[in-house]
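Handing you this structure, nothing more for now.
The values are calculated or read from the model by the stated rules, or taken from the named source; none is laboratory data. What you see is a predicted model, and the numbers here were worked out from it, not measured in a lab. Heads up, the Cβs are rebuilt from the backbone with ideal geometry, glycines too, and the neighbour counts pull from every protein chain shown.
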Amino acid sequence: MKAVNSLVEDIYYDDDIVKKFILATLVFAGVALAAGVMVALQLAFWPMNLNSEWLSFGRLRPLHTNAAIFAFAGNAIFAGIYHSSQRLLKARLFSDFLSRVHFWGWQAIIVAAAITLPLGYSHGKEYAELEWPIDIAITLIWVVFAVNFFGTLAKRREKHMYVALWFYIATIITVALLHVINSAEIPVSAFKSYPVYAGIQDAMVQWWYGHNAVAFFLTTPFLGLMYYYLPKAANRPVYSYRLSIIHFWALVFIYIWAGPHHLLYTSLPEWAQTLGMVFSIMLWAPSWGGMINGLLTLRGAWHLLRTDPIIKFFATAVTFYGMATFEGPLLSIKSVSSVGHYTDWIVGHVHGGTLGWNGFMIFGMLYYLVPRLWKTELYSVKLATAHFWTGFLGTIAYYLSMVVAGITQGLMWQAMTPDGRLMYPDFIETVTRILPLYWVRAFGGILYLAGFLLMVYNLYRTIKGAPVSVPEKVRVVNTRDVTAVETGHRGLEGAVTVFSVLTFLAVLVGSVIEIYPTLALHKYLPPSAQVEPYTPLELAGRDLYIREGCYLCHSQQIRPLASEVLRYGSPSTAEESMYDHPFQWGSKRTGPDLARVGKKYPDLWHYRHMLNPRVVTPQSIMPNYIWLATNDTDFLVLRKKFSVLKNMGTPYSDDQVANADIHAEKQAKEIAKSLEAQGGPSGLERKEIVAMIAYLQALGQKAKETPK
Amino acid sequence: MNILYLMIPLSLLLGFGFIAGFIWSVRSGQLDDTETPAYRILDEGEEQP
Amino acid sequence: MTLPQPVDFSFLDQDEFKTKYAVDSAAMNFYVEGIRCEKCVRKLEGMVGTLAGLRRLRVEMGKSLVHVEVDPSLLAFSTVASAIEQQGFRPIPLAKEDDFFTLQRREDRSDLMRLAAAAGCAGNIMTFAFATYFGGPFALFAGLSFLLYLPVVTYVAWPFYRGAWQALRQMRISIDLPMAVASLLGFGFSSFELIQGRSDIYFDSLSGFLFLILLARLVQKRLQRKFLSASELMEGLALGRVRILAMVGFEWRTLENLRIGDSFLVTESETLPADGELQSPQAYFSLAWLSGEAKPKLFLKGAVIPAGARLISPEARLTARKMLSETGFGKILQQVQKFSLSDNQTVQISDRLAQWLLGTVFLCAITFLIFYWPVSAVEALRRAISLLIVACPCAMAFGTPLALAFSLKRARQLGLITRDAKVFAAAQQVKTLCFDKTGTLTDLESCLLDKPAEISPLQQKIILSLENASLHPMAFAFRKAFSPFEDLPAVEDFQELPGVGVVGRIFGKNYELRKHLCSSNETSCALFEDGHWQRDFHFSSTLKPTSKATLEHLRLRGYKPILLSGDRRAIATKTGQALGFQPEEIFAELSPIDKAHLVTRYAPAMMVGDGVNDSLAMMRATVGVAVSGGVEAALKSAAVYLVEPGIQGVAALLDVSETAYALIRQNLLISLIYNVSAGSLALLGYINPFVAAILMPISSGLILLNTWLRSRQ
């Protein structure tokens, strides 16, 4: 219908896609939270690992993190972005077809993840575990999303781009870049690949990715959503729009350099560590600017805090954001990091942010969106309020227990007696001390899940009771250049520009990645240098280590701290991990560091320990890895693996590559024999356990000169 | 640390991309009015439950 | 008061209006106050969907602007304006040349982009610099710093180069010069060091420094711009049009078309755009702008009402007597619009101080270079650059103008209309405060004590005629007391003698109404016909409520108030003692010349009185403060005009002046200490350019902050 003015149009927003993403959010939130509760219980009570290959902690934890980030937060982000963008831009989404491809493609990725991760198909890099076919799928779907979003931007009717849209733009561009760069890998088989980076290079890229994933997947889109939904829910304008603009630009410029704060005291060069620390501290300012802006938006509407659960969720979320963005820079200070790194304090910090900031923002958004999209009232405000309190208590319980646990454990590790020895020489002592807190954390998680289930029920009843909805027309006024809309040239230009930029970026990145391996390590260190690469059997074992997610509980990086040197040995050097594709420095010590565990214990010890840790350490919380003794090692694939690694710069000879499997089998026989000799069972030479033992015994043993 | 040969150009590229974005927004008048947009998003009238 | 009539906007559709007001034939900007919430935005912007022919309507809340685009064949501007009014807003069309918002916008955008470039380059350079400080690979990061500094030394620093060059051409040193020199010299020096492979490079300091200074300047510009209070301006802008009598009746024309002698019409709540002689029998006007009295005053036919008066009656016809730009009111508006401090003495002194400082700095830098070069050329250059960076005449360049600007605004808020900022300096010198009595310390409103019934109608008419054009308190008292007459006789050879009375010829006879020193205790005046005394009139006057308290306060502050009165000694003494004056501080039976002499004798003194009647004394005083008498005349002789009735404005003026100068002195002191110490440290080698680049913006910022915080009290 033509209105009185050619600049006035009647359009329909696509809210169907928003509803789809909302439902997907609910489903996968359940999965993510349930998985989270499961792994929390597994830590508190190891039998919850159920002796199952597919449900052990090492396999489930990546499922939890990926589900939480990509399935829960991801779907919610898409729902919010698609809903708010259409209204901010006064335009229907660019392409219904692309919207649906985006939706189904993303869910397929999630399902693929849910299947592959328990099966052990993993990169061994945190929050980037998904193997290469899924990585490609993510890239493709992300491009679909980008085209859909930028296309909508190009056909917008509202001249001014509200600040939330800028946050979305930053998210889309940066996540694309991060993902592509960090996922640079060479496939070995259908579900196995090696990253082109190794050791310290990989560490740098991984945490550049890892921290910026937090920044640009868990922060910027949520800030955008906050700047839209909080004012809408409170029906008040943002406290200072100007400040929000400054907030955006300042954040975007600073965030990108904060990555190294995950690598303090590691063998990353000092200057990179300090740089990361300085920039992380600088990040505090724009983050708190955003928090203050958000909270002060409620000025004059504080009474809503009492009556409206949506405002409760939003206000609390913003507060947790402030907390987390204060704690983050705090943890980036080297001295603080020396206590907190590898402990549960980091876990607490993460969950304060994810449960408090991300989770609560999503819940608030869902309570806001569902009634409006289904054109009905929320089934029960009381239930929503109950959800809030349950979730809040759960978050607090989680956070406090983990901070206390982390600091306790960190301090215990560092504690020295007056005569210069470790006060707690047995790692297990530090574990049992904090075990009760693991129960508290699990309880917090259960509370959070319970609150979530209240919401599911509430929203279910809401949707069920809703009338059949008919899409409503919206009258929009075109406030952009008349010529642009009428001739359509600008629109086309816009799309072309978008495509060119994306293409250019892709090409640039692609070329760099192809060139890169040739630029690799031999410029940094001469090949004749100090480290031996892994033998085929050791490599096989390493890949098992990755598959089982051992890096999630064990680190391989000894820091140059006195207590650590006493406990584990001399500090790790950059060279030692130079051929590690991927690096396995680890970020958590639920169990002790393994950097120099090689030759510390006899083979049989490792055998017994892997099959039932409690045999050697009665109070251990590590799962039983009984299937390692029954699964067969894949020897044949070792040739391919060696070939790929050689192409990436590992100094293997052609003979080593061609006969990788033979050498592996030979070494396996030797180890099997030694196991038998030490009193263990016989006939293990083709079993995975032997490969694992080979790897573990090699840790710290690869230097040509033994480090002092 | 020759990973820097990758990371620095990348970060600079990203940085310049954002500067370009900023220049575009200034030139196209996005930053002329930093008060009204905050009000415009409210009370659209079609969001009543 | 009746409801305001809907405004007739038809003048907007006339060609001459469109030329003046429309941006192009299809767009126009309106000033619309009162848009505070999203409902208002929605109401206005939503009109696009409902008003045929309205292409676009865009609200800009911060500037109270509404931008309108129409299809001229479908919709007239007047219809849009009426529609806006129906929504509950009052739109005032903005003439193109008044649309400085557009000019501002261009400037703002350019500023922003430069700032962003500065931030982006400085930020990244600092990243790389930090990396090297912590031990990272030097060559790579230094090279990148160099590349990133190129846009800084050219694009970002450009305003500094331009400002410095323009000043040099006028043989002045501007504050831009040290920054321009530092930027270029630092670039050269660091590049040289880089090529030599040494690590003494300062791209990070320089770029960070330039960024911070740009930021400070932007902030200062915005702060100063806020003093162009939009509402004051818009009062003036609303005077762009007038209904002039033409063949077929009164027609809207632009103000330029009004000539002296033209008949024009104003309606209720409109402001007179010119001095006009009233043709209607009578009309009530508010002279709030002019006399501080908010209560409407009655004017009779023949009275000349000053521009700026606001009509309270439904309608009035007048004959134009003086064009707006010639009137006092018009002059005030010009002053407010073209606010500039350039002719202010204090600023000139500050500017000279700044020049002196900069000159000294350069001299020191050059001298040092010459003497230290043989010792170590590199070190000499480095210290010279540090000195150039660290030296900051910010107290003079930023602090003083800002302090004065704040004070002017504060003064205006307190109801003081000042001619310029010189008054603050003058007020600082004042020791004695000379107060006129009648109308200053006592109420403007006099009451005629004599009963009108006892005065013959003929005499009343004569008096009203004589006092028709007078704004003297007695004239008002007469007008209040006597009923209006339709047929006032014409007056010839009319003259108002300030401080004395009025004279004129009616019906062939010479009449005088003179202030009279009679024996009674009240103020009085006498009517003379052809030199023969007819009768006396007596007026009562009451003390203004705030007079006593203010006087006491001023005494406590150490000022010496004295009372100057034209009245008889007895009356003056009675009033004076009631206000706490000592007998020796009361001077009575003074003529205007006597008052002027006294003021001179007690110099440096402030004269507080009536702008017209005490004008002589005001001009002789160090500071003249007018409390009544009409702004136009008052500001001819007085430096300050008090809008609010009462003398508390005097205390306010003294306060504001004191604060301003205390602040300026404080800033100067801080600046002096800073420059001497930092400059010395720089020359001694304790401050390298990096530290200098941090210190200088901090000191600027501190001065700015200090000025801003103190001015808010």
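Within segment C:601-624, which residues are of a type in the set (Gly, Ala, Ser), part of a loop (DSSP other than H, G, I, E, B) and buried (at least 24 other Cβ atoms within 10 Å of the Cβ)?
Result: C:611, C:621.
Would you confirm whether any residue within segment A:218-228 is facing chain B (nearest Cβ under 10 Å) and within 23 Å of residue A:326 (Cα to Cα)?
yes
Sticking with this structure for a sec: Please list, ordered by residue number, the helices (runs of 4 or more DSSP H) wholly in segment A:296-370 having 1 or more residues that are in contact with a His (Cβ under 6 Å, 6 or more places away or on another chain).
The helices (runs of 4 or more DSSP H) meeting that bar are A:309-332.
Which condition number in (1) over 15 Å from the mean Cα position of the chain (by Cα); (2) surrounded by 19 or more Cβ atoms within 10 Å (Cβ to Cβ); (3) more than 14 Å from chain B (Cβ to nearest Cβ) is the one that residue A:156 fails?
(3)
OK, next. Among the candidates A:181, A:186, single out the residue that is away from every other protein chain (no Cβ under 14 Å), surrounded by fewer than 23 Cβ atoms within 10 Å (Cβ to Cβ) and at negative phi.
The unique qualifying residue is A:186.
Pick out the one residue from A:624, A:647, A:612 that is without any contact (Cβ under 8 Å) to a residue 60 or more places away in the chain, among the polar types (S, T, N, Q) and surrounded by fewer than 21 Cβ atoms within 10 Å (Cβ to Cβ).
None of the others qualify; the one that does is A:612.
Sticking with this structure for a sec: Quickly run through segment C:549-573 and pick out the residues that are free of Cβ contacts under 8 Å to residues at least 24 places away in the same chain and either in a loop (DSSP other than H, G, I, E, B) or on the phi > 0 side of the Ramachandran plot (or both).
C:558
Within segment A:329-349, track down each residue that is surrounded by fewer than 21 Cβ atoms within 10 Å (Cβ to Cβ) and free of Cβ contacts under 8 Å to residues at least 60 places away in the same chain.
A:330, A:333, A:335, A:336
Give me a count of the residues in segment A:340-375 that are of a type in the set (Phe, Trp, Tyr) and in contact with a strand residue (DSSP E or B) (Cβ under 8 Å, 6 or more places away or on another chain). Lay out the reasoning, then the answer.
First pass over segment A:340-375, keeping only residues of a type in the set (Phe, Trp, Tyr): A:342, A:345, A:357, A:360, A:363, A:367-368, A:374.
Checking which are in contact with a strand residue (DSSP E or B) (Cβ under 8 Å, 6 or more places away or on another chain) leaves us with A:342.
So the answer is 1.
Here are some residues: A:238, A:163, A:205. Which one is surrounded by 23 or more Cβ atoms within 10 Å (Cβ to Cβ) and in contact with a His (Cβ under 9 Å, 6 or more places away or on another chain)? Give the steps one after another, and end with the answer.
Details: A:238 fails: in contact with a His (Cβ under 9 Å, 6 or more places away or on another chain); A:205 fails: in contact with a His (Cβ under 9 Å, 6 or more places away or on another chain).
Only one candidate qualifies: A:163.
I would also like to ask the following. If you scan segment C:148-186, which residues turn out to be surrounded by fewer than 15 Cβ atoms within 10 Å (Cβ to Cβ) and of a type outside the set (Lys, Arg)?
C:150, C:154, C:155, C:158, C:165, C:166, C:168, C:170, C:171
Restricting attention to segment C:327-371, which residues are at pLDDT 75 or above and polar (S, T, N, Q)?
Of everything in segment C:327-371, those that are at pLDDT 75 or above and polar (S, T, N, Q) turn out to be C:327, C:355, C:360, C:367.
Also, I was wondering about something else. Could you look through segment A:405-431, keep only residues that are β-branched (Val, Ile, Thr) and surrounded by 14 or more Cβ atoms within 10 Å (Cβ to Cβ), and pick out the one that is farthest from residue A:349 (Cα to Cα)?
A:428
Could you tell me how many of the residues in segment A:229-248 are touching a residue at least 40 places away in the same chain (Cβ under 8 Å) and within 7 Å of another protein chain (Cβ to nearest Cβ)?
Step one: of segment A:229-248, the residues touching a residue at least 40 places away in the same chain (Cβ under 8 Å) are A:229-241, A:243-248.
Checking the rest, the ones that are also within 7 Å of another protein chain (Cβ to nearest Cβ) come to A:231-232, A:235, A:237-238, A:241, A:245.
Residues that pass the stated criteria total 7.
Scanning for something under 32 Å from the mean Cα position of the chain (by Cα) and surrounded by fewer than 20 Cβ atoms within 10 Å (Cβ to Cβ), does segment A:689-701 turn up at least one residue?
Yes: one or more hits.
Please indicate, with yes or no, whether at least one residue in segment C:123-133 is within 14 Å of chain A (Cβ to nearest Cβ), of a type in the set (S, T, N, Q) and within 47 Å of the chain's Cα centre (by Cα).
There is at least one residue in segment C:123-133 that is within 14 Å of chain A (Cβ to nearest Cβ), of a type in the set (S, T, N, Q) and within 47 Å of the chain's Cα centre (by Cα).
Something else: Keeping to segment A:350-361, report how many residues are among the β-branched types (Val, Ile, Thr) and touching a residue at least 24 places away in the same chain (Cβ under 8 Å).
The number of residues fulfilling the criteria is 1.
Further question: For segment C:24-66, enumerate the residues that are in a strand (DSSP E or B), at the interface with another protein chain (Cβ under 10 Å from one of its Cβ atoms) and under 31 Å from the mean Cα position of the chain (by Cα).
C:58, C:59, C:60, C:65
Restricting attention to segment C:195-241, report how many residues are outside any helix (DSSP H, G or I) and modelled with pLDDT of 75 or more.
Within segment C:195-241, residues that are outside any helix (DSSP H, G or I) and modelled with pLDDT of 75 or more number 6.
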